[in-house]
Structure formats: C-alpha cells, structure tokens
There are 2 protein chains.
Amino acid sequence: MKILINLLLALLFMVGAYAQTITGFSPGEAQKQLVLESRFDAQLSTDNLDAWMEKMAARPHWVGTEAGADLARWMRGQFESWGYEARIETYQVLFPYPKIRLLELTEPTPFKAALTAVPVEGDPYTRQGDALLPSYNAFSRDGDVEAELVYVNYGVPKDYEELEKLGIDVKGKIVIAKYYGSWRGIKPKLAAEKGAIGCIIYSDPKDDGYYQGDVYPKGAFKNATGVQRGSVMDMPLYPGDVLTPGYAATADAKRLDREEAPTITRIPVLPISYADAEPLLEALKGPVAPDSWKGALPITYHIGPGPAKVRLKLEFEWKLQPAHNVIAILEGSEYPDQWVMRGNHHDAWVHGAADPVSGMVALMEEARAVGVLAKKGQRPKRTLVYCAWDAEEPGLIGSTEWVEDHLEELQQKAVAYINTDGNGRGFLEAGGSHSLQTMVSEVAASVPDPQTGVSVKERQAARNLTNGGDGAFALDALGSGSDYTPFIQHAGIASLNLGFGGESAGGEYHTIYDTYTHYKRFKDPDMSYGVALARTAGRITLRLANAEVLPLDFGPWHQTLSNYLKEVMKTSESMREDMLKHNKLIDKKAYLLSADPTKPRVTPTKKNEVPYLDFSPLQNALATLQNEVDALAAKDLESLSKPGKDALNVLLMQAEQQMISEEGLPRRPWYRHQIYAPGFYTGYGVKTLPGVREAIEQENWEEARQQIGKLAGTLERMRAYLIKINASIP
Amino acid sequence: MKILINLLLALLFMVGAYAQTITGFSPGEAQKQLVLESRFDAQLSTDNLDAWMEKMAARPHWVGTEAGADLARWMRGQFESWGYEARIETYQVLFPYPKIRLLELTEPTPFKAALTAVPVEGDPYTRQGDALLPSYNAFSRDGDVEAELVYVNYGVPKDYEELEKLGIDVKGKIVIAKYYGSWRGIKPKLAAEKGAIGCIIYSDPKDDGYYQGDVYPKGAFKNATGVQRGSVMDMPLYPGDVLTPGYAATADAKRLDREEAPTITRIPVLPISYADAEPLLEALKGPVAPDSWKGALPITYHIGPGPAKVRLKLEFEWKLQPAHNVIAILEGSEYPDQWVMRGNHHDAWVHGAADPVSGMVALMEEARAVGVLAKKGQRPKRTLVYCAWDAEEPGLIGSTEWVEDHLEELQQKAVAYINTDGNGRGFLEAGGSHSLQTMVSEVAASVPDPQTGVSVKERQAARNLTNGGDGAFALDALGSGSDYTPFIQHAGIASLNLGFGGESAGGEYHTIYDTYTHYKRFKDPDMSYGVALARTAGRITLRLANAEVLPLDFGPWHQTLSNYLKEVMKTSESMREDMLKHNKLIDKKAYLLSADPTKPRVTPTKKNEVPYLDFSPLQNALATLQNEVDALAAKDLESLSKPGKDALNVLLMQAEQQMISEEGLPRRPWYRHQIYAPGFYTGYGVKTLPGVREAIEQENWEEARQQIGKLAGTLERMRAYLIKINASIP
C-alpha cells in the first residue's frame, strides 16, 4: 500500500514537473530536456551507491596511501567503462605524517594523554589498528614545548577580548581551545598571534559528544575517545600545496623552503578527545569561565593560567606525496570547448564513508547515468568534466593544484563548477554564485524529497518557514571548506556546492568512526538522499550542458549584493552605536561600579571612534548596475538566432570572472573574488564583500575607504560587462 | 591609608546627604531626620551581626524545635533589653516531619538513593548527624508509588506543551523535574494535574552545582550530595497553616481534616541531590531532550518514559507544632496607633546562616540602634513593630497566622510593612508597593555601598546600565516567597522587601551547608552588607515613623500600572500574532514537512482564535486616575497645618487597601490585591494585574473580560479615594 502511494505521489510529481518552464530553454527544448531528466532519474540506483561506498570506505585512504592510489585507478576504470575519457593527473604535494605525538600534564599531577580512539563493538572497521591514521592536525609545525595551560573557549577573536578584560595573557602559555566556533585553523593562528607557544584543540561533549545524543556505538555521537583530525594550514591565506603558492605542484616545480612556507602553523597544535582533555581542564584554576564558554564535562570550567602545566611534543615526517586527481571527460556534442565541471574529493582522513565517499558515490552514479544516456545517443551538448580530487582533507590540495595548473584554459572554457562533498539525510543545502540561483531553484523544485514526496525545494522552504524565515529559496554564499574554493575564489568560475543534511547529525567527522557501518546506521541508511543528490546535481549539470542560453540570472545576484551592502552598512552603524554606548558607560563609571571588586577584571577603556564611511560609491554602482540587470532581464533571449545565442553564451561564461581582481584581497592575493571569500579570522565561514567588510570589522578605516573604492570599481567593471552583453543582443 | 580614604569618602558622602530634601519632611524636619539617621548609622556594628549569626546559626532550628523556641525567647530578651515591649505570640500549626523516605530505581538496574548530604572538611556544623533535618519537601502527601520515570525538565506548563508535541503522557508515571524555572511547589502541582503519581525534584549541576563554580567545601556551590529542602504546599492558593485557611491557627481554632486540606500536594514529592539523580536519568531512554532541557550531568538527557522504573515511598509524622512569633514594640511618641512594621523570619530549614539569619541579625541590629536612640530621647513618632516570624520556611505560616489573627487592627493601624530575609554581598534588591518608590529611591541614594563608596542606588544603577537598562531606580513588583505576602496580598498593607545580593551566589540554599562557616567564606565575610541592609531598612523605618506627611507618591505608582497595562495588552497582541503565524504554518504544512519522519512527533494542530479584548475600561480608568494623581502631586502638603497633615496621614495609610477586593482573585479568594499576586503557575514569580493577565495567559477570554471590568472598578475606587484625599486638602 505504501509503495502504491509513493508511486502515485511520484506520478503526480512528474506531471507537475512536465508543466515546468526552465530557464535557458525554449519550450520545445525544455520539453526534451525534461524527458531526458526523467530518463536520467530512471538510471539511478541506490544499490550502486551502497556497494561503492562499502568498497571505497573499506580501507583508510588519505593522500599518499596505496589504498588511495588504488581507488583513483579503480575510479578511472569505472569512468572509462561508462564511456568517459579518463586520466589521473598527479601532483607532488607536501604532506606531514605524525611520527611523535606526546601530550602530558606535568603539573600538578602527571597525566599522559592516550591520543587513541578505541575500536567499538559492532564496527569492524574501527579495529584496523595501525592502518588508521593517528589523530593529528596536518600542517602543525614540529615542536616540543612545555608551559602553563590557559583555556581560551573556541580561541576566536572575541574570546581573546574576554581574556583581555580578565587580565589574562596567553604569552608564553599553551592554550586549550574547543573545536567549533570557527574553522579549526583559526585557533593556532590566533593563539600564535597572541604569543602562545602551543595549542591543543579538543572536542567538548557539549558541541560534539554525549550532550548531543547517545555516543558511538550506542548512538551516532562522539564517544569520549574520538578525535577529530583536520588540517590547520592557514587556508584563508591560500589553500593547496604549502610549498607552491599560486602555481601547480608539478614534480619539477620550484618549491618554497618548508621553513618559509607561510601557511604552516607558527606553533605546534594537536587535537585530542574529551577523555584526554578532562584531566587537563580539571587541573586549571583561576577565574571560572563565563557561561558561554562552559562545556558539558562534569567539572567547573576555569580559565587558568595554570597551575596545570602541559608538555606538547610533535614531530612529523615531512614528505612529498603524490596527489592523484581523477579527471573524466565526456566531450560535448555541440560545444566541446565549453566545460561543465563537476567534482567531489576522494581522499579521506580515515575511511571517510560520509566524508567524502557519500558525495563521491552520488557523483559516480550521476556520471554513470549520463554515460548510459550518451551511449543511447543523448550526449550532452557541452563537455562534462567529472573530477575526483585527492588531498582535499589536508587543504584542498588536489583541486587547488589542478586549478592553478589549468588556470588559463579553465577561465576560457569553464561554464561552471558544481561541487559536492559529504551527504546525508534531510534538507537540500545549496550555496554558490547568485547568478545561478534561479536555475538551482528550478531544479530544486523538480527533485522529490525521498521522505515526504514534496520537492526538495518545498521541504527546504518548510524548514525555513518554521525557523521564522519567509520560505524563499536562496543560495548561501560560499566561504571555503571544500574544492569549490580554487574555482570560485581564485579562478572566478561560477560555482555551486550541494548536499543534503540536517537529519543525520553525528560525531564521526574526521574520526575513525566515519565508517560504512556508522553511515548505514545513522546517515542515509537506504542511500535515498545519495540518489536525491545525484538527481539534483545531475539535473544542474545537464541543464548547464544543454541550455540554449546559459541559465544565468543577474536579478537575484543584484538583489543579494544589495542585501550584503545593507548588512555591511548596518555593521558599521552598529559598531558606532556600540562604541557610543560603551563610551557613555565608561563616562558614567558603570563598568567600574557594577564590577565585583573581589574578582580580577580589567576596567574597560574607551573604544576608538567609529567614523561615518562614505558608502555612496557602492550605492551608486549598484543603482546603475540595476539598469543593466533590468535591461538584460527584459530581453527576449529565446528568440535569438542560434549564432546569437552562441555568442551570448561565450560572454555569459565569463561574467563571474568580472568579479575577481588581479591583485586579490589585502594581504592574501590568492583570493581574488570581490564578493565572496572565507573570513581571515573565521576560516571556512564566508565574508561577503570581503575587502570592505573585513576592513570595517578590523576597524581599519583607511583600508575600508580604499576597499569601497575598489569594490565600486569591480561593480563598475561588471556593469560595463553587462552593457557589452546587452549591446550584443539585437 | 585605606581607612583614611574611606573616612574621607564617607565624609564627602554625608555632606552630600545633608543637602538632601526628603519626601514627607519640611526642610527643618528633614535636617533633624538626617542628623538622626547619621546617629543611627553610628550605632551599627558589624561585630554584633557576626556574633549573633554565629549564635543563631549554631544549631538547626526549624519550627517546633527546642532550638527554635530557645532563639525566640532569646530574641524576646534582646528586644526587651533594647527598650522594647516584647512578647511571643504562638500558633499551633501543622508541620510534617519525615519518618520514611525511600527512593529506588527498580529497573533496569537496582539503585537506592542515599538521600543524605555528606559532612565536609572544615565545616563542623555539617557534622551534626541526626540533628540535621532530613531532606524532604514539606507538605508532600504520604505515598508509596512505583512507575516508569519521565524527565519533564523544570516541570512548568511549557515543558508539558513540549511533551505533548512529542506524544509523551505522564499519566500514571513518576516525573523527575529540575529545581528552578518556577517555584518548587508548581512542579508536583502540575505533575498531579497531568496525571503523574509521584514527583522527584533534583538540583541539576547546571543550575546549581559545578557548572556554576567550585563546589563546597572547595567553593560556594552545591556539591553532588547537597539537597535543597523546601515547602511544596500550594501557596499560590493560600499560604500559612494548611488546616486554617484565612483565619488564625490558635490552639482552639476549628481545623480542616488533613485529608481535605487543599494546599497539601496530591502526589508524593521528594527532593534529591544530583548524585542521586544521575543514575535515574542515565537509565532513561526515549527521545533525547531538547537542548534547553539539558543539564550539566555527563550523560545524554533522554525523556523516557522508562525503561527506568522507580519506587517512591514517603511517610510523614503529621503534628501540630508551636510557631513562635516574636513581636517587639516601641510605642510612638506622637502617633502610637500608627504602626511601622518591620519583619524577618527566624526559623530555618537547617542552620540557616544566610536564610534567614543574615537578614534577622541586620533587623536586630537596626532595632537595637533605634532603641539606643529612643533611650537618648529620640523615640520615633509612630509606633515601631519589629517581628521575628517563625515557620516561614514551610509556608509563610508564622506571619500569615499573625496577620489573619490581627487583620482588623492591622488594616486600621499599619502604615507599612518592611520585610527582609537572607542577605549577601552586592546590589540593593528592592521590591514593593510602588507608592513607596520615591521614598525608597531617596533612601537608596543616602546609603553608601560598602565596597565602592558610592550610594547603593548609584551602584544598582551602574549594574542596570551595563545590563542595557536606563539606570532609573524602580521597585520590583512583589510576588511571594517571604513574609510580606500576607501583609500586601491579603491585608492590603503597603509593603517592601529589601536585601542585598548578586555577588554572593552559592549552592547552600536550604541545605546543611547554609552555615556560619559557609557564610563567612562566601557571602558577606565582614558583614558590611548586613550593616548596609540595617542602614537601608532602618532609614526607611525611621522616615516612615517620623514623616510629617507619609511619603507616598502616586506618580511612579500610576506610571508603573500604565506600564503593566501596556504589557498585558502586548501579551494579548503577541498571542494573537503567534496564533496567526502558527496557523499559517499549519496551512502550509510547514511543521509536517520540516519534521524528521524518523522521530516521533505529534504534528501540531491549529491554535484557537485569540479575540481582540476591549481594554478601554482600563485605559479610561488610568486616564482619569492620572488627573487625581497630578492634582495631589500639585498640592503643597508641607504648608498644611499639623491637624491637616494628621488627617491626611490617616487617609494615606489606607490607600493601598483600596487595591484589594473582598472576593479576591478567581479560584483563590485569599489573594485579594488586584495589582500584585504570585502566579498561579509560577509560584513566587509575580503576576501584575493578576486577574486580567492570568485569564489571558490561560486563554480564558470570558474571565479576561470579567476581570477587566473588575480591575477597572478597583481603579475607579482608587480614583474616588484620591478625590477624597484631594478634597481633604485645602
């Protein structure tokens, strides 16, 4: 009965789908495309996803392992068997392997951290002993330090502001910070800037453990011994191989000396479990941490410094390792030099069933289905490039080196890059270039949610509504954290990042527990969201590949930029109001008089003036841009001749590149996009209009003024480009 | 040097004080009063407070104990030695003593709760064995129940709404609720209403334990074995002796049968420590609790029901016990029939160093100083009545019986009642009748804060400013929780409740750890805030006693009432908006579609319509009242003749009584004040404009309309009274 209802729902859904218009297609072509998509859907099998995940997540396969190389060769074979021209492109990249990891509490009572997660009942993958990569943070420098410990909460800028208020200095100390609150690499970076000589990162059970739910193997969450691995290279400066900034790490490339590599941490850093962290934290004295700093360990959280003293000794084997990217090409029938690119990484910290295999197998199933259709004569018009990246985990290395290697060709040929990574049960989460928002929205409306039968767009809207939103579909802005970064941030290729999640939380991320067993119990047991991802990403890929006019819509893009500008202006306004309020309270001695005299606390001083900034260049640039956006929207693109459409597409392909600047962002020229960047002090977290926004947040008013001018120039360039596009259309 | 600076500060402060005008005094009389107050200050000694606390908190002294009777007699002697006419007024009140306390986890693994707090190193008072009152909730009924356990968070109405959404019913179950979130008596009351057959209350370390700070004896907070005792009688129905509602529990009073007493709980209830709670909570399965429900135990908080099963067996010795109120009178030199009343309770759950002795010794020192001045010829003009209440802890019993006993005389003679209770280091916390706000504000501006030297008003304002407030002085509204309740809520006597706190948090409340040792380490080590309390309450008492015109100011009162009306109207508006929003989300299937289908959740249904209510009777009543308030404020009261002032005072004394109604609040006629009441489902927490507000909150629209009419009538009566007052002034 349930099956019957599901079938009925699917049928009703498809009838709905057939009535759709799709951007970039004339009615006749849209009809054909929809038929193609339903044939594509019919090819997708959860069984393949399941079998491939079991195979690919069987052995640990980080960059440089034989298991990883085996997988790359196997994937190449798979792509070939589906009709792709596939090759492995290999780079030689620096990768540290931990030789010595020692963490001891030396005072007041000795304790040696175990630094080992335990195998668990019912999950044989966790019993692979030395085959499991020891837990560490890649691109920590070597070191042997001993000092008093200070608890710094998440170790983000506002935590150091709080420490300053308490009169606590981390200079010469070792800090212990919780995971979360920022990307992990920010923690040692800031700690070093503040003078700390070592950094420990641990997973507090409040964020990632029993506070969330039952722990593995009883439930999905992090048990006391689990440790999150992860890179701490200074990716907000540049990602990819640390020795070859901005160019490819080919075998014979000129390399920086390791000691000079700016993205290796300045202090040693090690991640630990909450079982290892508890004795360290419990031995701290000093002020009790503020409530927002407290975790879920059964202790009183003190800040220190000391009397707890710890020794941290780390030594790595620093070797070049081969990073094997698998590149599989299906040449387009009409536009072989227009590439629709699709990628997911294949390397994992350990088994990586969720991260990255769950996304990888969806990509493969999508590629297989497209291959089947191509063999049946339905080859896409544009060239498809499927990529399985290596060495994503240590710092987006495989994709970054590849983009740096092929930059010129990419900027000429790439239409868009569509990224996926880990996937799970729940809601569509989509981020990317806002010119693609309309197209993604249409696709999301045409893919049924496996659990409810409504479209994934409608389900996402329902969540947005219950969370107080307006239910409108919107792409998130892209910061960093997966392989889209070199494409959008460095090369200016319009990009997307797609995945499902929100109903498959767990504590397995980057631990030995991210196994096939765990995935099948807690993530997407029937792989139906893997298929939903293949459907979503596959439709997007096929629409971009077959569209008569590339489906870019600058209306939502302009609207989003206008909102970002409003946010930035509001930030500056709020900073001024906060400053005035704060300084008024100083004048009234309110902090001084309300403070508990028995508790050490530095009386705050007046904040610097927050000047009014002239945002009018940006407001004017957006206002004039609006005219061109509206003019383009008013054009009847469908009625263009085929050569007219072809010429227009060549222009549209490079629209996103107008938003990058050659000199890049201040102090990090690798990041060239003027609209989206990962935050310099947030890591993965995005900063939109980054030049202006970060200057304001850092209270660097001179730079803010410069960056306003620069961004206005970028918008002006974009306007000129849209004028050119509009002029090209009769 | 420090002493010199302090002296200098004090001197500067007093020069400031001498320039003050004080409401109710002509300039000449104000001058005299200020000199009196500085002499009063000079009498106050921290040594007395310290010595008396050490004596009074040496032995456990709950109602009915010989230790308590001894203290009452000793206090009577002290008052007599200071020149007071003192007596002990005794009532015979029902008080249960625990005979059997058994709590066991019977499934899945047996565990027997210890129900005993451990003595601690360095605090000999905690080593008194059987002399310590066993931990229990007074006025739990007897019972022997066994059932599956359900975790209900704080056990307040919105927690049961959440359980309903999850499809969890507590019918026939035993609930376990955390302390806090409401007054404790609400938890068994609601649990019983929902069909539970037993109730366990525990102190979670998040609210009251290591999460807050180091635990006793290392720090001030609750250790794993500490248990908060406390009454669970249904005080929001009526406080005082459970067998004599509304009349005095004299030896020969007619009493209810215990089985009929409506304020004894309907189900057995027992408080436990977090050490005892942890195995129970850990044995629960079922849904993981929402984040806001989670405490700080190192477990995953599940809700149940079961598989944990518990047995709770309680049996009490139900006996009448003598409650000894000490009443000490200093007859007024000019107006012996006008009473300024001042009270604090003397009974404690165990030693009660903080609660109530810290307030009691401040009251005694104040009385002693006044006595010294009286002997020197500066007897107050009005009669002072100092009261040391017994049996406050089990349910405000001593004060309630006394007020019920003396109701008529009180309503004729009482000018005001000024209450204190526990006291600590920090900020002045003052609540009460808003006609007294101006006077209290003036007093607060004249008392120096012991730690900063500025006035306690200025320090409180500093805190208010740093918390985002406007820094203006305001009295809190009084709900319940101490002995002012019968005075203001039942008799309509203008009342105040005063204390210092905010910098002396700890976990000792109602435990065996509320000792002299604990107080001296963590609360107010040098007793300087005890003296600050004596100064504050003493000044208020003396100003009320000596004022030429009683210092009532109806301007702030009217403003506060207007704000309450705005709040109530906003509540009704928000409820309507929430209802509309909720129902719209139901129409859009947003809850249904966004819910995780693997998790049990009852899909919400539409809320009932929230009608527009006609608040205009209240708005009009307040508008016309404003005229009379303004007219009175414009009168030149100082220039009245003495007989004119005397006549005016007789009227002013009874102004607060205009705000009580004979029939009281719906379903609880004992509570008669129409502006302030403890919440029916919050307990101590105040509900202002209670008839109207609670009807709206309960969505009882018919009653809301009735109560609007009734409250408008009360305001009308007040207006008529102010017209009478204005007419009496030439």
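The values are calculated or read from the model by the stated rules, or taken from the named source; none is laboratory data. If you're wondering where the values come from, they're calculated on a predicted model, not measured in any experiment. FYI the Cβ positions are ideal-geometry reconstructions off the backbone, even for glycines, and counts take in every protein chain you see. Ligands, DNA and RNA are excluded from the accessible area calculation, which covers all protein heavy atoms including side chains. Shrake-Rupley method; radii C 1.70, N 1.55, O 1.52, S 1.80 Å.
Taking into account only those residues within region A:216-251 that are within 14 Å of chain B (Cβ to nearest Cβ) and within 19 Å of A:PRO279 (Cβ to Cβ), which is surrounded by the most Cβ atoms within 10 Å (Cβ to Cβ)?
Per the criteria, the residue is A:LYS222.
Which one of B:SER574, B:SER562 is loosely packed, with under 13 Cβ neighbours inside 10 Å, in a helix (DSSP H, G or I), polar (S, T, N, Q) and more than 14 Å from chain A (Cβ to nearest Cβ)? Break it down stepwise before answering.
Details: B:SER562 fails: loosely packed, with under 13 Cβ neighbours inside 10 Å.
Sole residue among the options that is loosely packed, with under 13 Cβ neighbours inside 10 Å, in a helix (DSSP H, G or I), polar (S, T, N, Q) and more than 14 Å from chain A (Cβ to nearest Cβ): B:SER574.
Give region A:480-514 a look and list any residue that's part of a loop (DSSP other than H, G, I, E, B), within 14 Å of another protein chain (Cβ to nearest Cβ) and open to solvent by less than 10 Å² (accessible area, probe 1.4 Å), or say none.
Within region A:480-514, the first condition is being part of a loop (DSSP other than H, G, I, E, B), and the residues that meet it are A:480-483, A:491-494, A:503-514.
Next cut, within 14 Å of another protein chain (Cβ to nearest Cβ) only: A:503-507.
A:GLY507, the sole residue that qualifies.
Please state which one of A:ASN583, A:ASN627 is under 30 Å from A:THR23 (Cβ atoms), out of contact with any Pro (no Cβ under 7 Å at 6 or more places or on another chain), in a helix (DSSP H, G or I) and open to solvent by 10 Å² or more (accessible area, probe 1.4 Å). Steps first, answer last, please.
On the way: A:ASN583 fails: under 30 Å from A:THR23 (Cβ atoms).
The match here is A:ASN627.
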Taking the condition over 30 Å from B:HIS406 (Cα atoms), within 14 Å of another protein chain (Cβ to nearest Cβ) and surrounded by fewer than 22 Cβ atoms within 10 Å (Cβ to Cβ), does B:ASP526 pass?
yes
List pairs: first residue in region B:227-249 and at positive phi, second residue of a type in the set (Asp, Glu) anywhere in the structure, Cβ distance under 6 angstrom, at least six positions apart or on different chains.
B:GLY240/B:GLU401
Return the residue satisfying two criteria in turn: it lies in region A:393-422 and is open to solvent by 10 Å² or more (accessible area, probe 1.4 Å) and in a loop (DSSP other than H, G, I, E, B), and of such residues it is farthest from A:ASP514 (Cα to Cα).
A:HIS406
Test: residue in region B:234-254 that is under 21 Å from B:LYS187 (Cβ atoms) and among the basic types (Lys, Arg)
no
So B:ARG459 clears everything in (1) open to solvent by less than 10 Å² (accessible area, probe 1.4 Å); (2) within 10 Å of chain A (Cβ to nearest Cβ); (3) in contact with a Lys or Arg (Cβ under 8 Å, 6 or more places away or on another chain) except one condition, right? Which one?
(3)
Residue list for region A:343-361, filter: among the β-branched types (Val, Ile, Thr) and in a loop (DSSP other than H, G, I, E, B):
A:VAL350
Which ranges mark the strands (runs of 3 or more DSSP E) fully within region A:81-180 that have 1 or more residues being open to solvent by 20 Å² or more (accessible area, probe 1.4 Å)?
A:85-107, A:143-151
Being buried (at least 24 other Cβ atoms within 10 Å of the Cβ) and more than 14 Å from chain A (Cβ to nearest Cβ), is that true of even one residue in region B:295-303?
no
Unmet criterion (only one of (1) within 12 Å of chain A (Cβ to nearest Cβ); (2) crowded, with 24+ Cβ neighbours inside 10 Å) for B:GLY471
(2)
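Does region B:313-335 contain any residue that is more than 14 Å from chain A (Cβ to nearest Cβ), in contact (Cβ under 8 Å) with a residue 40 or more places away in the chain and more than 31 Å from the chain's Cα centre (by Cα)? Step through it out loud before you land on a result.
To start, the set of residues in region B:313-335 that are more than 14 Å from chain A (Cβ to nearest Cβ) comprises B:313-335.
Still in the list and also in contact (Cβ under 8 Å) with a residue 40 or more places away in the chain: B:313-335.
Restricting the remaining residues to those that are more than 31 Å from the chain's Cα centre (by Cα) gives B:333-334.
Scanning region B:313-335, I find at least one residue that is more than 14 Å from chain A (Cβ to nearest Cβ), in contact (Cβ under 8 Å) with a residue 40 or more places away in the chain and more than 31 Å from the chain's Cα centre (by Cα), so the answer is yes.
Being under 27 Å from the mean Cα position of the chain (by Cα) and not basic (Lys, Arg) narrows it down to one residue among A:GLY286, A:GLY240; which is it? Let's see the steps before the verdict.
On the way: A:GLY286 fails: under 27 Å from the mean Cα position of the chain (by Cα).
Residue meeting the stated conditions: A:GLY240.
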The residue that is farthest from the other protein chains (Cβ to nearest Cβ), considering only those in region B:586-604 that are under 17 Å from B:PRO290 (Cα atoms) and in contact with a Pro (Cβ under 9 Å, 6 or more places away or on another chain), is B:PRO600
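Examine region B:237-249 for a residue that is part of a loop (DSSP other than H, G, I, E, B), modelled with pLDDT of 95 or more, polar (S, T, N, Q) and over 30 Å from B:GLU89 (Cβ atoms), and state whether such a residue exists. I'd like the intermediate steps shown before the answer.
In the first step, residues of region B:237-249 are kept if they are part of a loop (DSSP other than H, G, I, E, B); the result is B:237-249.
Restricting the remaining residues to those that are modelled with pLDDT of 95 or more gives B:237-249.
Subsequent filtering for residues that are polar (S, T, N, Q) retains B:244.
Remaining after also requiring over 30 Å from B:GLU89 (Cβ atoms): none.
No, there is no match, as no residue in region B:237-249 is part of a loop (DSSP other than H, G, I, E, B), modelled with pLDDT of 95 or more, polar (S, T, N, Q) and over 30 Å from B:GLU89 (Cβ atoms).
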Given (1) under 30 Å from B:ILE729 (Cβ atoms); (2) of a type in the set (A, V, I, L, M); (3) surrounded by fewer than 17 Cβ atoms within 10 Å (Cβ to Cβ); (4) touching a residue at least 12 places away in the same chain (Cβ under 8 Å), identify the lone condition not met by B:ALA634.
(4)
Can you name the number of the only condition in (1) free of Cβ contacts under 8 Å to residues at least 12 places away in the same chain; (2) open to solvent by 60 Å² or more (accessible area, probe 1.4 Å); (3) over 30 Å from A:ASP578 (Cα atoms) that A:GLU716 fails?
(1)
Search region A:197-215 for residues being of a type in the set (A, V, I, L, M, F, W, C) and open to solvent by 30 Å² or more (accessible area, probe 1.4 Å), and hand back the single one that is nearest to A:PHE522 (Cα to Cα).
A:VAL215
Going by what's in this entry, would A:VAL568 be described as more than 14 Å from every other protein chain (Cβ to nearest Cβ), of a type in the set (A, V, I, L, M) and not in a helix (DSSP H, G or I)?
no
For A:GLN707, are the conditions met, namely being touching a residue at least 40 places away in the same chain (Cβ under 8 Å), in a helix (DSSP H, G or I) and touching a Gly at 6+ places or on another chain (Cβ under 6 Å)?
yes
Applying the selection to region B:666-688, what residues are in contact with a strand residue (DSSP E or B) (Cβ under 9 Å, 6 or more places away or on another chain), open to solvent by 10 Å² or more (accessible area, probe 1.4 Å) and of a type outside the set (Ser, Thr, Tyr)?
B:ARG672, B:PHE680, B:GLY685, B:VAL686, B:LYS687
Evaluation of A:LYS607 against (1) more than 14 Å from chain B (Cβ to nearest Cβ); (2) open to solvent by less than 70 Å² (accessible area, probe 1.4 Å); (3) in contact (Cβ under 8 Å) with a residue 12 or more places away in the chain (one fails), failing number
(2)
Given the criterion outside the structural domain of B:ALA191 (by TED's automatic domain parsing) and more than 31 Å from the chain's Cα centre (by Cα), identify the matching residue among B:LEU625, B:LEU640.
B:LEU640
Which members of region B:689-704 meet the condition of being open to solvent by 20 Å² or more (accessible area, probe 1.4 Å) and not in a helix (DSSP H, G or I)?
B:GLN698, B:GLU699, B:ASN700
Among the listed residues B:ASP276, B:ASP291, which satisfies the condition of being surrounded by 24 or more Cβ atoms within 10 Å (Cβ to Cβ) and not polar (S, T, N, Q)?
B:ASP276
